[in-house]
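Some notes on the structure that comes next.
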Amino acid sequence: MLEQLLIFTRGGLILWTCKEIGNALRGSPIDTLIRSCLLEERSGAASYNYDAPGASYTLKWTFHNELGLVFVAVYQRILHLLYVDDLLAMVKREFSEIYDPKRTSYSDFDDIFQQLKKEAEARAEEMKKSKQVGKPVNNNLVKKQGQVMKGSMDGSNKKNSGGDSENGGGDGENLKGHLLENGNFNKNHVINRELPRMVNSNGKENGSSNVGAFDVNKLQKIRGKGGKKTDATVNKGSKVEPKKKVVKKNRVWDDSPIEPKLDFTDPVSENGEENIAIVAADQGESMMDKEEIMSSESESEEEDIGKNGKVETKKKGWFSSMFQSIAGKSNLEKADLKPALKALKDRLMTKNVAEEIAEKLCESVAASLEGKKLASFTRISSTVQAAMEEALVRILTPRRSIDILRDVHAAQEQGKPYVAVFVGVNGVGKSTNLAKVAYWLQQHKIKVMMAACDTFRSGAVEQLRTHARRLQIPIFEKGYEKDPAIVAKEAIQEASRNGSDVVLVDTAGRMQDNEPLMRALSKLIYVNSPDLILFVGEALVGNDAVDQLSKFNQKLADLSPSPNPRLIDGILLTKFDTIDDKVGAALSMVYISGAPVMFVGCGQSYTDLKKLNVKSIVKTLLK
Ligand SMILES: Nc1nc2c(ncn2[C@@H]2O[C@H](COP(=O)(O)OP(=O)(O)OP(=O)(O)O)[C@@H](O)[C@H]2O)c(=O)[nH]1
């Protein structure tokens, strides 16, 4: 049984909820959905699993991008309700007809909803009975104005752009957007931040790509109404011949003037120096003047792809595609977005963004654009690029600010040292960058102590001692083969005694799969409850970034003795000076962990520590 169905605006205003169904939800599934999915670029897939004490829910959603509405359904996961996609689509369609931005109450929708629910349930029942999934459903039920039935009745959820619908499990999330920044979705209006229009392919009513169960109504409708451009031709009579003629004409036109080359700017030249500028927090503008080049480049990429024989391009021909690019198009469809997204994905990957992340981001951007109207004089590639840019900024902008200096002062007031633990795989630069952070803190008149808790690798203690000596910072060390959790504990006690404000804990490098070492790290964290767990990762990593961070977090969670295990709070990206424009690791790491990049190491001296400049990173990623 459906537990809840909620309609709200991207701005967070709840317009309608179903009062009659379900009991009170346990936990806060919708809050969590918003925080974990809508606020992140994860809308590629179509469902989200939420576990509360005593209840496991699946949430599904759809968006009306034009109206800026969000529709969310919640049901008990064990039920595997087959009609939810269908119901959401119908609710979306019906509600959008009565929606008026000036209205806040929609009690008249109660009855409509009950009717829609009955219909959806009946269709699902019927679908179940007719064993063949692709068999037509009783069309009487699909009466309404040409609605297109979703294709998810068989539970396999084909239409979702994102793909795996029901599983919601695995990684669970997938929305993108971002409603709230701080999370709380309270009953009155809630969402502080705008939901970046993402449409979950679920509820797309334009039907075109919703290839659900074979639906006669749909066919009739398409035939009657004529599927867009093709229709004009078809309506005129004989199908085959006129079509051929048109195709021929298009090809002739295509060959010569072709629209793409209205832009005569030079291609972008990639020079490595810019990447270093990217990092410097105050040099963000250095690449501002490249903006036009960026967009012209992306446009031509899209066009190139179009020329590579995509079916889409063929259908449109020169005139229609030019018309589309200058005069706007009714509604964007997934196929329209595909070439531009493919180009964007490739570009992100050349910047070392992990493939999986690039893929998810593109799905998410597609979902946010599908069904939207393309503004006049706007090209698809520009629209896609703008949406991606927004998405990247959103991802990279910390959702919660971690201000170390502020937190250190807060700890000082409580009379206890602030503790930061540096974790990561071997050789990424933990000790070196710990020393840089120590130096930075010193510059802010903060008394720092180092704790040599890499009791595993020989030479590690001496290495840290060298940094301590150079910086004239006290170090707490107990040699090797000691329990690092105990060494850290004693170091913190010592810091309390000697009045240190901050303890920086160095730990042994460990591979994310090394269970004994990961267990030891979990214990260190559990025993000492540090204020900050900083993951130190190399900016050089590509696909491995995802594995490292997700497994670190997973192991910290699984191996912790605490029921509320701590995870990584922030990221320190090292060796940024060596990566040229391959800045993708920053994106991959933030995306996969949700933790912000707090520092960037860009050299081997103590002063080579900077803050991430989000704008510049985004520009480099899209360049
Ligand atoms: N170019 C460059 N090199 C760096 C940076 N940070 C660290 N390194 C170098 O990376 C190498 C490894 O640094 P360490 O600090 O020993 O790394 P670690 O993670 O403590 O090593 P383990 O203790 O073995 O896990 C050293 O040669 C550092 O000088 C950086 O930001 N840029």
List Leu559, Leu464, ordered by accessible area with a 1.4 Å probe, largest first | Leu559, Leu464
Give the accessible area for Leu392 in Å² (nearest 10); use a 1.4 Å probe, count only protein heavy atoms, and leave out ligands, DNA and RNA.
-> 0
For region 357-496, which whole percent of the accessible surface, found with a 1.4 angstrom probe, sits on carbon and sulfur atoms?
-> 51
Write down the percent of antiparallel bridges among all DSSP beta bridges whose residues are both part of region 500-611, to the nearest 5.
-> 20
Asp483 versus Gln414: modelled label distance in nm, points set 7 Å from Cα along the beta carbon direction | 2.4
Could you list the square roots of 5 times each eigenvalue of the Cα gyration tensor of region 385-451, that is, the equivalent ellipsoid semi-axes, sorted largest first and rounded to whole Å?
-> 29, 18, 11
Quick one: order Val536, Val614 from most to least accessible surface, probe 1.4 Å.
-> Val614, Val536
Write down the accessible area per residue of region 488-551 in Å², having rolled a 1.4 Å probe over the full set of protein chains.
-> 35
Where does region 431-508 land on Rg/Rh, using Cα atoms and the Kirkwood Rh?
-> 0.94
For region 333-448, dividing by residue count, accessible area per residue (probe 1.4 Å) in Å² works out to 38
Of every Cα-Cα pair in region 50-131, the percent that sits beyond 18 Å | 51
Is region 485-623 rounded, prolate or oblate when judged by the Cα gyration tensor, a ≥ b ≥ c being the square roots of its eigenvalues, rounded requiring a/c under 1.5 and prolate requiring a/b larger than b/c?
-> oblate
Tell me, what is the 1.4 Å probe accessible area of Cys362, in Å² to the nearest 10?
-> 10
In whole Å, largest first, the alpha carbons of region 334-454 cover along the principal axes 59, 33, 20
Just flag the trypsin sites (Lys or Arg not before Pro) in region 588-618 sitting in loop per DSSP whose Cβ has no more than 14 other Cβ atoms within 10 Å.
-> Lys611
Rounded to the nearest 10 Å², the 1.4 Å probe accessible area of Trp440 is 60
Can you put Met349, Met598 in order of accessible area, largest first, using a 1.4 Å probe?
-> Met349, Met598
Sort out for me the Cα centre separation of region 462-477 from region 549-590, rounded to whole Å.
-> 26
Whole-percent carbon and sulfur contribution to the accessible surface of region 530-605 (1.4 Å, no ligands, DNA or RNA) stands at 45
Cα-Cα over 30 Å: which of Lys436/Lys582; Lys360/Lys582; Lys92/Lys551; Lys334/Lys623; Lys117/Lys372; Lys555/Lys615?
-> Lys92/Lys551; Lys555/Lys615
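The values are calculated or read from the model by the stated rules, or taken from the named source; none is laboratory data. If you're wondering where the values come from, they're calculated on a predicted model, not measured in any experiment. FYI the Cβ positions are ideal-geometry reconstructions off the backbone, even for glycines, and counts take in every protein chain you see. The area values use the complete protein model at the heavy-atom level, side chains included, leaving out ligands, DNA and RNA. Shrake-Rupley method; radii C 1.70, N 1.55, O 1.52, S 1.80 Å.
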